[in-house]
């Protein structure tokens, strides 16, 4: 697909609602999958390339790192004209996540994928955007009372049409991703702490490459 910039939307936590800065939505796009822009919904899958890195900055400025060895996900992309949001992420599986021990991460609800940049051109390009309605529950796998919290927000992303790679690049502790509902965690985290996330995912659809214009 020819994607331009994708962005992530906001999500409400099950414990505390954390507000994030609003992104300006991009214009509607013409989205084609496998060369066809006929109105349709197409299944997509994604798998991370390399380590998925997280870091959280607590109220006293201390940085805590949490990494996962891999992420896989599934969802849909909408082809057609006048499209934005572009698609959705319906499920994710997180493997090898560690913070104060092994962590279990569970996606809550469906996350949206929207473009925030100007209209795409006909050539291969990188498109900026955001993932919306992000809401995930995290807990220590051995005992959730050791540490559990929720992450919500709208991380920044980009999609490279040439490589069909979606890159999550939420850095700078902007508050676009934030922690809430903190229980335990040895006092390391507090509600409202900002989180960074960096990951590269290879996106595929059985119907062909995705393209925006």
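Averaging over all projection directions, find the projected area of the Cα convex hull of region 134-213 and quote it in nm² with one decimal place.
7.2
Would you kindly state how much longer the chain becomes between residue 146 and residue 43 on full extension, computed as 0.36 nm times their sequence separation minus their alpha carbon distance, in nm to one decimal? Walk me through the numbers on the way to the answer.
Values: separation 103, 0.36 × 103 = 37.08 nm, distance 3.74 nm.
The residue 146-residue 43 span can extend by a further 33.3 nm.
Please give the peptides 160-168, 96-104 ranked by average Cβ packing (other Cβ atoms within 10 Å per residue), highest first, as a rough proxy for protection.
On the way: 160-168: 18.8, 96-104: 15.7.
The densest-packed peptide leads the list: 160-168, 96-104.
Over all distinct Cα pairs, what is the inverse of the mean 1/r for the chain, reported as the Kirkwood hydrodynamic radius in Å? Intermediate results must be reported in sequence, preceding the final value.
Values: mean 1/r = 0.0585 Å⁻¹.
The answer is 17.1 Å.
To the nearest whole percent, what portion of all C-alpha pairs in region 140-182 is separated by more than 14 angstrom? Please list the in-between numbers first.
Values: 564 of 903 pairs.
More than 14 Å apart: 62 percent of the Cα pairs in region 140-182.
What percent do you get for the relative contact order of the chain when only Cα pairs under 8 Å and 6+ apart count? Mind showing how you got there, number by number?
Details: 735 pairs, mean separation 68.2, N = 213.
Reported relative contact order: 32 percent.
No value in this document is a laboratory result; all are computed from the given coordinates. Just so it is clear, the structure is predicted and the values come from calculations on it, not from any experiment. As a convention, Cβ positions derive from the backbone with ideal geometry for all residues, glycine included, and neighbour counts pool all protein chains shown.
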